[in-house]
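The block underneath contains the structure these notes are about, expressed in structure tokens.
The values are calculated or read from the model by the stated rules, or taken from the named source; none is laboratory data. Quick caveat: nothing in here was measured; it's all calculated off a predicted structure. Neighbour counts run over all protein chains shown; Cβ positions are idealised from the backbone, glycine included.
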Amino acid sequence: MRYLSTRGGMPPRRFCEILLEGLAPDGGLVVPETYPHLTLEELARWRDLSYPALALEVLRRYVDDLPEAQLRDIVARTYTREVFGSADITPVRTLAPGLHILQLSNGPTLAFKDLAMQFLGNLFEHVLSRSGQRLNILGATSGDTGSAAEYAMRGKHGIRVFMLSPYGRMSPFQTAQMYALQDENIFNIGIRGVFDECQDLVKAVSSDAQFKARHRIGAVNSINWARVIAQVVYYFKAYFAVAHRVGDPVSFAVPSGNFGNIFAGHIARRMGLPIHRLILATNENDVLDEFFRSGRYRVRKGEEVHQTSSPSMDISKASNFERFIYDLSGGDAAQVLRLWQQVERGGGFDLRGTDLMPRLADCGFVSGSSSHADRMDTIRRVYRDYGVMIDTHTADGLKVGLEHRDADVALICLETALPAKFADAVREALGRDPEVPASLRDIEQLPQRVEVMDADVQAVKAFIAAGCED
């Protein structure tokens, strides 16, 4: 397996060569030359595999320059009952016949990001220990990525984490999960601005090749390919749990801000998983919904980004979206480069009237958006009808998923986080507090450690440089 850049400026490279890099040298994202494809017979043989065994089958098709025994050991140490609460790792909860929630939030930070981040932490440490190198991870978070990365990397030998977050725009629980960590290798940077500004700062630092090389900068955001392929695994696991026969179609509803989670579903379908529809749900920040409805991709300015009760999706520039457009174009890197030059110059592009528009209509994605009132109503209805408490992001996904549901096709909604992370919204909807795991019950009262600064790339670089000094 070899990897290219979506913008065409990187020679083919192997997995371990691109693992620690984040962006490609030309500013694009790494993608595989081809997707491995599985027959229904091969899928049937996977049906009864445990989560670690299934993860190994998926991952080894993308990680073929690491001895399989080493990859098996990393996977086995990652996906355990002790870390994720059950041997199933990602159990499926059935609400009604043909309607299911894929439970992805049983990891240490109570969010789906743990599924990939725990793997990434063990993988990074293994690869770095072989080479004797150090890595300084630079990331941006709108809420859950930051804590998942920090919990996965805390105490890891040879790794430091510098995480940017929009100061004052996350839930109190999300904020405490990050800022209360006192580990010496964890550095939180609160940016006075919105998530997109944090993400732009990460890309600006990563685009400085000299600074990146000098300080060994790597990435754990969903631009990191290893993180995306780790998320592919639970689409297979959920499919096997729900489909009556291998080959039956299943649809997935996915709350989406940065497009990484649903892109993993797109990869699973490219690999041959019988996915009928990928249903993308946004909140009031509906950039992706507008694109899939109209073909127009329009990045919002900072003042246009809404602060909502599903804050992890308060995003207007979806970093993984470039990989999807690359696939949509049939791997035309020159076309992708032209489109992203339009994004950088004018804030977007429009596919109407181009050869990509008919392909978009047939790509198997549908979309919708959800408002605060929708979220509150969905949380109430799910609790009333099924006795299940869900968080605000999962409510967005379920609301839009039901709007696009086919009566004869099973629908799986991907859970985003446990309700404990968004207690204020749950309290508004249900008039009661969500349950909080005992280990995190008083987290909001712990001392917090964060460096607050403006959205200034030079200030961020200076802070990283100082933090890298031993």
### Task
Mind listing whichever residues of the stretch 187-206 are touching a strand residue (DSSP E or B) at 6+ places or on another chain (Cβ under 8 Å) and at pLDDT below 95?
GLY193, VAL194, PHE195, GLU197, CYS198, GLN199, LEU201, VAL202, VAL205, SER206
### Message
Criterion first (touching a Lys or Arg at 6+ places or on another chain (Cβ under 9 Å), closer than 24 Å to GLY330 by Cβ and surrounded by fewer than 24 Cβ atoms within 10 Å (Cβ to Cβ)) does SER294 satisfy it?
### Response
yes
### Task
Quick one: VAL382 ticks every box in (1) on the phi > 0 side of the Ramachandran plot; (2) surrounded by 15 or more Cβ atoms within 10 Å (Cβ to Cβ) except a single one, so which number is it?
(1)
#### Entry: Those residues of the stretch 300-325 which are buried (at least 19 other Cβ atoms within 10 Å of the Cβ), of a type outside the set (D, E, K, R) and in contact with a Gly (Cβ under 8 Å, 6 or more places away or on another chain), in sequence order
PRO311, SER312, MET313, ILE315, ALA318, SER319, ASN320
### Task
Looking only at the stretch 2-27, count how many residues are assigned to a loop (DSSP other than H, G, I, E, B) and modelled with pLDDT of 95 or more.
9
### Message
Looking only at the stretch 357-376, how many residues end up being without any contact (Cβ under 8 Å) to a residue 40 or more places away in the chain, assigned to a helix (DSSP H, G or I) and either polar (S, T, N, Q) or surrounded by 15 or more Cβ atoms within 10 Å (Cβ to Cβ) (or both)?
### Response
1
### Task
Tell me which residues, restricted to the stretch 228-270, are touching a helix residue (DSSP H, G or I) at 6+ places or on another chain (Cβ under 8 Å) and aliphatic (A, V, I, L, M).
VAL228, ILE229, ALA230, VAL232, VAL233, VAL246, VAL250, ALA253, VAL254, ALA264, ILE267, ALA268
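Matching residues to (1) in contact with a strand residue (DSSP E or B) (Cβ under 6 Å, 6 or more places away or on another chain); (2) among the hydrophobic types (A, V, I, L, M, F, W, C):
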site	(1), (2)
ARG432	no, no
VAL450	yes, yes
MET453	no, yes
ALA459	yes, yes
GLY467	yes, no
### Query
Could you say whether any residue in the stretch 57-64 is closer than 21 Å to PHE321 by Cα, in contact with a Phe, Trp or Tyr (Cβ under 8 Å, 6 or more places away or on another chain) and among the aliphatic types (A, V, I, L, M)?
no
### Query
Within the stretch 172-191, is even one residue among the β-branched types (Val, Ile, Thr) and closer than 23 Å to PRO32 by Cα?
no
### Message
Which count do you get for residues in the stretch 300-319 that are touching a His at 6+ places or on another chain (Cβ under 8 Å) and assigned to a loop (DSSP other than H, G, I, E, B)?
### Response
4
### Message
Is it the case, given these coordinates, that LEU56 is buried (at least 17 other Cβ atoms within 10 Å of the Cβ), more than 24 Å from CYS413 (Cβ to Cβ) and touching a residue at least 24 places away in the same chain (Cβ under 8 Å)?
### Response
no
### Query
Which residue out of LEU398, LEU411 is of a type in the set (A, V, I, L, M), touching a strand residue (DSSP E or B) at 6+ places or on another chain (Cβ under 6 Å), in a strand (DSSP E or B) and at pLDDT 95 or above?
LEU411
### Query
So which of ALA417, ALA410, ALA455 ends up being closer than 22 Å to GLN177 by Cα, crowded, with 16+ Cβ neighbours inside 10 Å and touching a residue at least 60 places away in the same chain (Cβ under 8 Å)?
ALA417
### Summary
When the stretch 420-452 is checked residue by residue, the ones that are exposed (fewer than 11 other Cβ atoms within 10 Å of the Cβ) and under 20 Å from ASP114 (Cβ atoms) are ALA438, SER439
### Query
What helices (runs of 4 or more DSSP H) lie completely within the stretch 115-233 and have 1 or more residues being under 21 Å from the mean Cα position of the chain (by Cα) and more than 22 Å from SER319 (Cα to Cα)?
144-153, 172-179
### Message
For the stretch 417-455, which positions are among the aliphatic types (A, V, I, L, M) and within 12 Å of THR109 (Cα to Cα)?
### Response
ALA417, LEU418, ALA420, VAL436, LEU440, ILE443
### Query
Which one is surrounded by the fewest Cβ atoms within 10 Å (Cβ to Cβ), of the residues in the stretch 72-102 that are over 20 Å from the mean Cα position of the chain (by Cα) and hydroxyl-bearing (Ser, Thr, Tyr)?
SER86
### Message
Cβ contacts < 7 Å: first residue over 17 Å from GLU41 (Cβ atoms), restricted to the stretch 244-259; second residue polar (S, T, N, Q) and in a loop (DSSP other than H, G, I, E, B), any location; separation 6+ or different chain. Result?
### Response
PRO255/THR416; GLY257/SER142; ASN258/SER222; ASN258/SER319; ASN258/ASN320; PHE259/ASN320
### Task
For ARG192, state whether it is without any contact (Cβ under 8 Å) to a residue 12 or more places away in the chain, surrounded by fewer than 24 Cβ atoms within 10 Å (Cβ to Cβ) and of a type in the set (D, E, K, R).
no
